[in-house]
Amino acid sequence: MTTPTACPRLTHPLVRDASNEPLRQASWEEALDRAAHGLGSNRGAFGMFSSARATNETHYLAQKFAREVMGTHNIDSLDRARHAPGAAGLAAAFGSGGGTSSYEETVHTDVIVMWGSDARSTHPVFFRHVLKGIRGGTRLYVVDPRRTATAAWAKSWLGLDIGTDIPLAHAMGREIIHAGLVNHTFVERATSGFEDYRALVEPWTLSLAERVTGVPAAAIKELAHAFARAERAQQCWGRGVTGHRNGTDHVRALINLSLLTGQVGRYGCGLQPLSGRDNVHGGNDMGALPHRLPGFQDILDPCARRTFESAWGAVVQPHHGLDLAEMSEAMEEGTLKALHCVGADPARSEADGDRAVRRLRSLDFLVVQDTHLTTTARLADVALPAAAAWTETDGTTTSGERRVQRVRRALTPPGEAREHIAIIRDLAARLGHEWKYRDSEAVWDELRSLSPDHSGMTYARLSEHRGLQWPCPDTDRLEPPYLHGRLWEKNPARRGRRAPFGIVQHDPPAERVDERYPIRLGIAGRADSCGGFNSRPGHGIELSPEDAERYEVMAGEEVRVSSRHASVPASVRIDTALRSGLAFMTPRSPEEVGVDRAAVRIEKLPITTIVG
């Protein structure tokens, strides 16, 4: 589902007669027959990629196709990596991977701590609520290596070194404990593992944290006290937290602070991930995951499996499927032979595009259904034209605050393009599964019957209320906008499972900065990328104005970026939000310069003079 400028619109079914022949136009009947035969011949070696730019109904039918028709849990989204560490951290603490509060509560909170997110630039809808809160007296603290546009609105900006969020959070936790600001009633009643947590953070004094993070001890102390003393406080995080290889540990460290102070499970308090994209939250909720059924229900839960087996009339296997990385490995090993991409373009979206293309070419059979003739679609054995999710399709989508909203068709799809759910339904029929869905609402109603969190969300109610947040188990009442209020119940039976503190350790950068490699490099995708790392021709390095002057380079100039492992050319971009000694790069893959958080040096390239 790439943009029209990237590739032409796909308007007619295309098939390939032989591996060495080009795609040619075909009828829907021929294309669907070929797709069904190719996929059906590889039932034991099949995988499915979905895309965040799809409706909830498409995600639901895609995972149902994988599980009921193909008998596998091998389904994942190319976009999930952006959201997975946050969801995993929240699920480990609370049993649910969704953000715990609503955007509206941001207006009514006292303190907001924004970790690793330039929400002003990347989440403008959410940040409108933040600005409204600030105008009403909310204090914003920004924790980020960059002095971002968001930091301009903050009471305090804590410019920590890359990858030191855990030490900073641990130092805040220690200060809260030593200052007597722990909410002991909440900790004793609703959490577990406090003594282990106390021992974990005890070494992290303010002075040690200052040395490790680069943030002044006084600023860390101020933030710890502001957060703990606030009647209501929220934490938000973005890719600056979840983008690390141990992103889930980073998230757990932040959750610990909310557990320590009782800043969760009440109106105006909570934890809000800001790392999602389009409908990545909906993909998770609808079960487009290798380890979860719709409604974020655990595949290993026998009661959940029986519910779906009864509804589908098919066996749901009691084990996890392969995730995106594992399916990629299986393609290289030759054990995954057929792939079905629903709006996903791995050849363009994955970090190493050339390697992704080689994997796709190694498949016995590739089916792509998409709006455009993407790089992946050009490699397909069958390419099926799909309607665009937000303008040519009816359905629903889920925002970062767990809000499900209606999507209504405004335009007629071009040519012979069909809605994703119709394509998946027709493929299932050719493989022996007659699904009688008259429209997207029928698909949604089946999902509601299987997911307790969504059962009260009829299309009529979604329209009436202009969207509803899950959980919404009943059609005659609305739940509070925040999650985990049960943790405040006095009755242990109603309180349920305790929220455990996460015992997570700091994982420092493997490389030190020294005179030879004086710059710490962060690896990050950009807002104008199509997923993964940089999707534009060439790639660049972002330097502070001070470092650009130090190396005597200008914006647009080509330089050589060298780590202890590799060396690559890159084009200079100057970012006034960066401080000296810190740089960010958008390479095709992190292997080009070694590892994330590498130490690097910058070298001017010699000027070449062409004579004649």
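Yes or no, residue by residue, for (1) touching a residue at least 12 places away in the same chain (Cβ under 8 Å); (2) closer than 17 Å to Ala66 by Cα:
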{"site": "Glu309", "(1), (2)": "no, yes"}
{"site": "Leu363", "(1), (2)": "yes, no"}
{"site": "Leu366", "(1), (2)": "yes, yes"}
{"site": "Ala380", "(1), (2)": "yes, no"}
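Pairs linking a residue in region 159-178 that is free of Cβ contacts under 8 Å to residues at least 40 places away in the same chain to a residue that is open to solvent by less than 10 Å² (accessible area, probe 1.4 Å) and in a helix (DSSP H, G or I), with Cβ atoms under 7 Å and 6 or more positions apart or on different chains, are Arg174/Val201.
Taking the listed residues Leu360, Leu339, Leu322, Leu300, the one that is part of a strand (DSSP E or B), at pLDDT 95 or above and on the phi < 0 side of the Ramachandran plot is Leu339, with no other qualifying.
Just checking, does region 211-218 include any residue being closer than 25 Å to Phe584 by Cα, part of a helix (DSSP H, G or I) and either open to solvent by less than 20 Å² (accessible area, probe 1.4 Å) or of a type in the set (D, E, K, R) (or both)? Yes: region 211-218 contains one or more residues that are closer than 25 Å to Phe584 by Cα, part of a helix (DSSP H, G or I) and either open to solvent by less than 20 Å² (accessible area, probe 1.4 Å) or of a type in the set (D, E, K, R) (or both).
Taking the stated definitions as given, is Glu542 modelled with pLDDT of 90 or more, outside any loop (DSSP other than H, G, I, E, B) and within 23 Å of His244 (Cβ to Cβ)? Considered against the rule, which asks whether it is modelled with pLDDT of 90 or more, outside any loop (DSSP other than H, G, I, E, B) and within 23 Å of His244 (Cβ to Cβ), Glu542 comes out as yes. For Leu487, state whether it is in a loop (DSSP other than H, G, I, E, B), hydrophobic (A, V, I, L, M, F, W, C), touching a residue at least 40 places away in the same chain (Cβ under 8 Å) and more than 30 Å from Ala583 (Cβ to Cβ). Considered against the rule, which asks whether it is in a loop (DSSP other than H, G, I, E, B), hydrophobic (A, V, I, L, M, F, W, C), touching a residue at least 40 places away in the same chain (Cβ under 8 Å) and more than 30 Å from Ala583 (Cβ to Cβ), Leu487 comes out as no. Would you call Leu140 modelled with pLDDT of 95 or more, more than 24 Å from Arg402 (Cβ to Cβ) and crowded, with 18+ Cβ neighbours inside 10 Å? Spelling it out, it is not the case that Leu140 is modelled with pLDDT of 95 or more, more than 24 Å from Arg402 (Cβ to Cβ) and crowded, with 18+ Cβ neighbours inside 10 Å. The test for being open to solvent by 10 Å² or more (accessible area, probe 1.4 Å), out of contact with any Asp or Glu (no Cβ under 7 Å at 6 or more places or on another chain) and at negative phi holds for Gly44. When Ala154, Ala171 are checked against the criterion of being aliphatic (A, V, I, L, M) and in contact with a strand residue (DSSP E or B) (Cβ under 9 Å, 6 or more places away or on another chain), Ala154 stands alone in meeting it. How many residues are open to solvent by 30 Å² or more (accessible area, probe 1.4 Å) and under 30 Å from the mean Cα position of the chain (by Cα) if we restrict to region 182-195? Qualifying residue count for the region: 2. So is Val316 in contact (Cβ under 8 Å) with a residue 40 or more places away in the chain, in contact with a helix residue (DSSP H, G or I) (Cβ under 8 Å, 6 or more places away or on another chain) and surrounded by fewer than 24 Cβ atoms within 10 Å (Cβ to Cβ) or not? It is true that Val316 is in contact (Cβ under 8 Å) with a residue 40 or more places away in the chain, in contact with a helix residue (DSSP H, G or I) (Cβ under 8 Å, 6 or more places away or on another chain) and surrounded by fewer than 24 Cβ atoms within 10 Å (Cβ to Cβ). Can you confirm whether region 143-151 contains a residue that is part of a helix (DSSP H, G or I) and touching a Lys or Arg at 6+ places or on another chain (Cβ under 7 Å)? No, there is no match, as no residue in region 143-151 is part of a helix (DSSP H, G or I) and touching a Lys or Arg at 6+ places or on another chain (Cβ under 7 Å). Ser117 meets each of the listed conditions (1) surrounded by fewer than 23 Cβ atoms within 10 Å (Cβ to Cβ); (2) at pLDDT below 95; (3) in a loop (DSSP other than H, G, I, E, B); (4) among the small types (Gly, Ala, Ser) apart from (1). Residue-level analysis places Ile134 among those that are under 24 Å from Gly262 (Cα atoms) and free of Cβ contacts under 8 Å to residues at least 24 places away in the same chain.
Can Ser96 be described as modelled with pLDDT of 95 or more, surrounded by fewer than 21 Cβ atoms within 10 Å (Cβ to Cβ) and hydroxyl-bearing (Ser, Thr, Tyr)? Here the answer is no, as Ser96 does not meet what is asked. Comparison of Ala91, Ala151, Ala179 shows that the only residue that is in contact with a His (Cβ under 8 Å, 6 or more places away or on another chain), surrounded by fewer than 22 Cβ atoms within 10 Å (Cβ to Cβ) and not β-branched (Val, Ile, Thr) is Ala179.
Quick one: would you say Glu441 is more than 30 Å from Pro13 (Cα to Cα) and open to solvent by 50 Å² or more (accessible area, probe 1.4 Å)? Here the answer is no, as Glu441 does not meet what is asked.
If you go through region 170-191 one residue at a time, do you hit one that is more than 14 Å from Thr261 (Cα to Cα) and in a helix (DSSP H, G or I)? Within region 170-191, one or more residues are more than 14 Å from Thr261 (Cα to Cα) and in a helix (DSSP H, G or I).
Scanning region 1-31 for residues that are assigned to a strand (DSSP E or B) and at pLDDT below 95 yields a count of 0. Does Ala410 satisfy being hydrophobic (A, V, I, L, M, F, W, C) and either part of a strand (DSSP E or B) or crowded, with 19+ Cβ neighbours inside 10 Å (or both)? Considered against the rule, which asks whether it is hydrophobic (A, V, I, L, M, F, W, C) and either part of a strand (DSSP E or B) or crowded, with 19+ Cβ neighbours inside 10 Å (or both), Ala410 comes out as no.
The values are calculated or read from the model by the stated rules, or taken from the named source; none is laboratory data. Because the structure is a prediction, the values reported are computed rather than measured. Don't worry about glycine lacking a Cβ; one is built from the backbone with ideal geometry, like all the others, and counts go over all protein chains shown. Protein only, heavy atoms only, side chains kept; ligands, DNA and RNA dropped before computing areas. Shrake-Rupley method; radii C 1.70, N 1.55, O 1.52, S 1.80 Å.
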